[in-house]
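Some notes on the structure that comes next.
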Amino acid sequence: MAVWNLGSINIDNVYRVPHLPAPGETLGATEFSQGLGGKGANMSVAVARAGARIAHIGAIGRDGKWTAERLMEYGVDTRRIAELPDHATGHANIAVADDGENQIVLYSGSNTAISEQMIGVALAEASPGDTFLIQNETNGQRVGAEMAKQLGLKVVYAAAPFEAEAVRDILPFIDLLVLNQVEAGQLEEALGSPVHALGIADVVVTLGADGCLWLGPSGNEVHVPALAVTPVDTTGAGDTFTGFLVAGLDRGMPMRQALDLATQAGALMVTRLGTADVIPDLKEIEDARFG
Ligand code: ADP
């Protein structure tokens, strides 16, 4: 089995500034760091760390070669990541002020220049029973989900960043929907229906420090409590949770077992500062002795 992730790849440029710049102000940054980001890349790393086979489907610009190399170092199959010389790699310019406030300029760049053909060529190598994973930071979600479904893949949608239209568009193809509590509320409001009544086999609503709720195919509701840890940085918790859940299911675990694994990964992740580069692996989760 394998996971095929149609996902964003971003360059995160992080600037430390004395205060957030005012309109028209030129402000010197006191520190700079650059890292791998994007929900898609984070999830691919998490799936790899969770021990499943993962191929990333996406696009980078000429300036982003190192991002694909980093993904490869983390165990992700990067052969279906296209290099588009006429586009900038997706990036986030993040200003973090000394008081902790931040300001982010996000440019989707090559993440929204993925051709239908690129997705088709990648999925032609998939096998029935594999998983097609998508988030809302690339184009091609609907066409990809439709193709994947036809090929007998299981479609998992992590509905973030949330956009009701995007979910509505691919609703008929989704086998598993993962979203946080805020996104679940937004979806219920937009569609005028509770998430458990959307006709999706499995829905998982993550609840931060309160764990998650699994709404299963037979109308069953299971609450999985979070593990007690002292959070340091909750960035990337959701992406790590989803990656481990998808990897667990792909490796043949029953839903409850995969949710337990994802819960452990999410808990360990919030004790770490950073995103893709600090996503834990199976050994670290075992060593943390949660269970
Ligand atoms: P998102 O980052 O998408 O908003 P959540 O904050 O709901 O997602 O976190 C995803 C999962 O990570 C949760 O379901 C939980 O298992 C774990 N998690 C998040 N925050 C904490 C926390 N403070 N303590 C323990 N586990 C956490």
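Quick notes
- Counting only DSSP beta bridges with both residues in the stretch 64-192, the antiparallel share comes to about 45 percent.
- Cα shape, the stretch 245-284, gyration tensor, a/c 1.5 rule: prolate
- Protein accessible area in the stretch 29-75, 1.4 Å probe - carbon and sulfur %: 45
- Net +/- balance of residues flanking residue 282 in space, Cβ distance below 11 Å, scoring K and R +1, D and E -1: -1
- Cα shape, the stretch 39-118, gyration tensor, a/c 1.5 rule: oblate
- In order along the stretch 194-199, the Karplus-derived 3J(HN,Hα) couplings, from 6.51 cos²θ - 1.76 cosθ + 1.60 at θ = phi - 60°, round to x, 4, 6, 10, 8, x Hz, and Gly and Pro are given as x.
- Using R0 = 30 Å, the C-beta based FRET efficiency linking residue 221 and residue 168 works out to 0.80.
- When the helices of the chain are scored as -39500 (n - 2.57) per DSSP H run of n ≥ 4 and the total is divided over every residue, the value at 222 nm lands at -9000 deg cm²/dmol.
- Gaussian network model of the chain, Cα within-10 Å springs - most flexible of 51, 144, 252: 252
- When 30, 242, 275, 235 are compared by accessible area at a 1.4 angstrom probe, the order from most to least is 30, 235, 275, 242.
- As computed over the stretch 151-291, the Cα convex hull volume per residue (Å³): 117
- Under 5 Å, built H, 5+ apart or other chain: amide partners of residue 113: 139
- Sorting 79, 53, 70, 251 by accessible area puts them as 79, 53, 251, 70; the probe is 1.4 Å, largest comes first, and only protein heavy atoms count.
- Each of the peptides 111-117, 101-107, 174-180, 14-20 was scored by the mean count of other Cβ atoms within 10 Å over its residues; in descending order, highest first, they stand as 174-180, 111-117, 14-20, 101-107.
- Phi to ³J(HN,Hα) by Karplus 6.51 cos²θ - 1.76 cosθ + 1.60 over the stretch 53-66, Hz, x for Gly, Pro: 6, 9, 10, 8, 10, x, 8, 10, x, 5, 7, x, 3, 5
- With all protein chains kept in place, the per residue accessible area of the chain amounts to 45 square angstrom at a probe of 1.4 angstrom.
- Charge dipole (debye, nearest 20) of the stretch 98-189; +1 at Cβ of Lys and Arg, -1 at Cβ of Asp and Glu: 540
- Taking the Cα atoms of the stretch 1-52, the ratio Rg/Rh between the radius of gyration and the Kirkwood radius comes to 1.23.
- Diffusion coefficient of the chain by Stokes-Einstein, Kirkwood radius over Cα pairs, 4 °C, 1.567 mPa s: 67 µm²/s.
- Beta bridge orientation in the chain: antiparallel %, DSSP, nearest 5: 40
- Residues with amide H under 5 Å from that of residue 136, placed H, sequence gap 5 or more: 160
- Based on the reciprocal of the average 1/r between different C-alpha atoms, the Kirkwood radius for the stretch 122-200 equals 12.8 Å.
- Farthest toward positive dipole pole in the stretch 28-170 [+1 Lys/Arg, -1 Asp/Glu at C-beta], among 110, 122, 84: 122
The values are calculated or read from the model by the stated rules, or taken from the named source; none is laboratory data. All figures in this text were calculated on a predicted structure; none of them were measured in a lab. Cβ sites come from the backbone with ideal geometry, for glycine too, and all protein chains shown count toward neighbours. Side chains included, ligands, DNA and RNA excluded: accessible areas come from the protein's heavy atoms. Shrake-Rupley method; radii C 1.70, N 1.55, O 1.52, S 1.80 Å.
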